[in-house]
Amino acid sequence: MRYCSVASGSNGNCHYIESGEYRILVDLGLSARQIEDGLKSVGIDPASINGIFVTHEHSDHIRGIGVWARRYKVPILATAGTWKGMERSLGPVSGELAVTIRTGKGYRLGDMRIEAFSIYHDANEPVGYCFESGGRKIAVMTDTGMVTSDMKHRLMDCDLAVVESNHDVDMLMHGRYPWPLKKRIRSNLGHLSNEDCGSILAEVFVENARGTFLLGHLSEENNRPELAMETVQTILEERLGERKDSVFLTKRGAPTDMFTLP
């Protein structure tokens, strides 16, 4: 399996996952042209994508999906609630390309098993995803205001996972956002902070020392990449006695390196 974050941040999100001949995207929150350019920069032909799995209907996750589906005629897979929330925003999409999925049910694409699981966000039936193939597992879990024991358990047997590290609490609370938005971000239906992310990874690393983790969905207004990494690593050092060289940053509006699972 291979993974690349094509873009991750408050302005747009897209993840690339490959297994054998099958290539999929999770979300497409920038323009179709921007995602095409990002894929090409890491050697991926945009026309080779077999499907788009959607986490939820917010614009930074679906902005380019409608254009992509019409241009490349690939299926879009989302929960019923997400379809209800995003249908008008996508524009016309052929019925055969609109696929409804359910949480807790496994789906097959070639040798890849895909399962959606519930997350906690102010959207219609939002989900994270697990992808498994050949004994390897990748998870995408961002845009959630809280993490349950079941969600942590899913990370504990991952070879690679993207986990939200959205904001620094002090930057958010002393920043220019209006109070209702600050309250929403800090709620159980909002976003995970750097501190939240560090605490979660400290628990996960106890059971999964081999995992690779990427910090995702960083806020442009209320975070900085170096601050997110330092906060997470400091917590890991305090809880586990060491920093981890298997923690990486995603990039806002640009691809990461390609990660290959042996």
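A few comments on the model shown:
- Each residue in the stretch 108-129 was checked for being outside any loop (DSSP other than H, G, I, E, B) and either out of contact with any Asp or Glu (no Cβ under 7 Å at 6 or more places or on another chain) or surrounded by 20 or more Cβ atoms within 10 Å (Cβ to Cβ) (or both), and 11 pass.
- Residue match in the stretch 1-21 (condition: in contact with a Pro (Cβ under 9 Å, 6 or more places away or on another chain), modelled with pLDDT of 95 or more, part of a helix (DSSP H, G or I) and on the phi < 0 side of the Ramachandran plot): no
- Each residue in the stretch 218-247 was checked for being surrounded by 19 or more Cβ atoms within 10 Å (Cβ to Cβ), out of contact with any Leu (no Cβ under 8 Å at 6 or more places or on another chain) and touching a residue at least 60 places away in the same chain (Cβ under 8 Å), and 1 pass.
- You will find that of GLY66, GLY43, GLY29, GLY51, the residue that is farther than 20 Å from TYR107 by Cβ and either surrounded by 23 or more Cβ atoms within 10 Å (Cβ to Cβ) or touching a strand residue (DSSP E or B) at 6+ places or on another chain (Cβ under 6 Å) (or both) is GLY29 and no other.
- Selection status of MET86, more than 20 Å from ARG184 (Cβ to Cβ), modelled with pLDDT of 95 or more and not charged (D, E, K, R): no
- For the stretch 149-181, the set of residues classified as under 17 Å from the mean Cα position of the chain (by Cα) and β-branched (Val, Ile, Thr) consists of VAL162, VAL163, listed by residue number.
- Of residues in the stretch 84-95 being touching a residue at least 12 places away in the same chain (Cβ under 8 Å), out of contact with any Ser or Thr (no Cβ under 8 Å at 6 or more places or on another chain) and surrounded by fewer than 15 Cβ atoms within 10 Å (Cβ to Cβ), the one nearest to HIS56 (Cα to Cα): LYS84
- Pair list, Cβ under 6 Å, 6 or more apart: the stretch 70-81 residue part of a loop (DSSP other than H, G, I, E, B), other residue modelled with pLDDT under 95: none
- Every condition in (1) over 25 Å from GLY106 (Cα atoms); (2) in a loop (DSSP other than H, G, I, E, B); (3) acidic (Asp, Glu) is met by GLU57 except one, and the failing one is (1).
- GLY253 of a type outside the set (S, T, N, Q), part of a loop (DSSP other than H, G, I, E, B) and either buried (at least 18 other Cβ atoms within 10 Å of the Cβ) or in contact (Cβ under 8 Å) with a residue 60 or more places away in the chain (or both): yes
- For ALA209, the conditions (1) in contact with a helix residue (DSSP H, G or I) (Cβ under 6 Å, 6 or more places away or on another chain); (2) of a type in the set (Gly, Ala, Ser); (3) loosely packed, with under 14 Cβ neighbours inside 10 Å are fulfilled apart from (1).
- Checking each residue in the stretch 23-54 for being assigned to a helix (DSSP H, G or I) and either of a type in the set (Gly, Ala, Ser) or closer than 22 Å to THR142 by Cα (or both) picks out ALA32, GLN34, ILE35, GLY38, LEU39, SER41, ALA47, SER48.
The values are calculated or read from the model by the stated rules, or taken from the named source; none is laboratory data. In this text the structure is predicted, and so the values were computed from the model without any measurement. Because the Cβ atoms are built from the backbone with ideal geometry, glycine has one as well, and the counts that use them run over all protein chains shown.
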